[in-house]
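Right, one structure below, let's go through it.
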Amino acid sequence: MPYIFRMPRFTHPRLEDVPLDLALHALADPNRLGMVARLAETERLSCTDAAPCETIPKSTLSNHLKLLRAAGLIETTQAGREMINTLRRDDFDQRFPGLLDAVLANRPS
């Protein structure tokens, strides 16, 4: 049987299904918060460009991105061989008004 390349399928929840505790948990980790901050500064980033530092193993980075997707913070799409992440800022702000602004404004430097 020939090898068939399968495109990854990412789960992006409806924001109304995301509980506040999951959103807060996703934003509580310094690495994930750094990823969200980088995405807030730009329109879209590849998975590796979204990483706050280059020393994060790919498996850990993948787990962080999965958790951010589950919390409704990011959307991941495939562009050729690259996975592109975008911040779901408008949707997230509508679900949790002011939360992302408050967390980003008070993040440790």
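The values are calculated or read from the model by the stated rules, or taken from the named source; none is laboratory data. Quick caveat, the model's predicted, so the values are computed rather than measured. Here the Cβ positions follow ideal geometry from the backbone for every residue, glycine too, while neighbour counts run over all protein chains shown. What goes into the accessible areas is simple: the full protein's heavy atoms, side chains included, and nothing from ligands, DNA or RNA. Shrake-Rupley method; radii C 1.70, N 1.55, O 1.52, S 1.80 Å.
Helical runs (DSSP H, four residues minimum) scored at -39500 (n - 2.57) apiece and divided by the length of the chain put the mean residue ellipticity at 222 nm at -13500 deg cm²/dmol. With the simple spin-label model, which puts each label point 7 Å out from Cα in the Cβ direction, the Asp29 to Asp101 separation comes to 2.8 nm. Between Asp90 and Leu20, the modelled labels are 2.6 nm apart [label points 7 Å from Cα along Cα→Cβ]. The Kirkwood radius of the range 29-109, taken over pairs of alpha-carbon atoms, gives through the Stokes-Einstein law at 25 °C and 0.890 mPa s a diffusion coefficient of 191 µm² s⁻¹.
Between Leu67 and Arg38, what is the label-point separation in nm under the 7 Å Cα-to-beta-carbon projection? That separation, rounded to one decimal, is 1.6 nm. The portion of the accessible surface of the chain made up by carbon and sulfur, rounded to a whole percent, is 51 (1.4 Å probe; DNA, RNA and ligands excluded). Highest mean first, the peptides 27-35, 68-76, 92-100 sorted by other C-beta atoms within 10 Å per residue fall in the order 68-76, 27-35, 92-100. If you take all C-alpha pairs in the range 33-76, what percent of them are over 13 Å apart? Cα-Cα pairs of the range 33-76 separated by over 13 Å account for 49 percent. Full extension of the chain between Glu54 and Arg9 gives 13.7 nm of extra length, using 0.36 nm per residue less the Cα-Cα distance.
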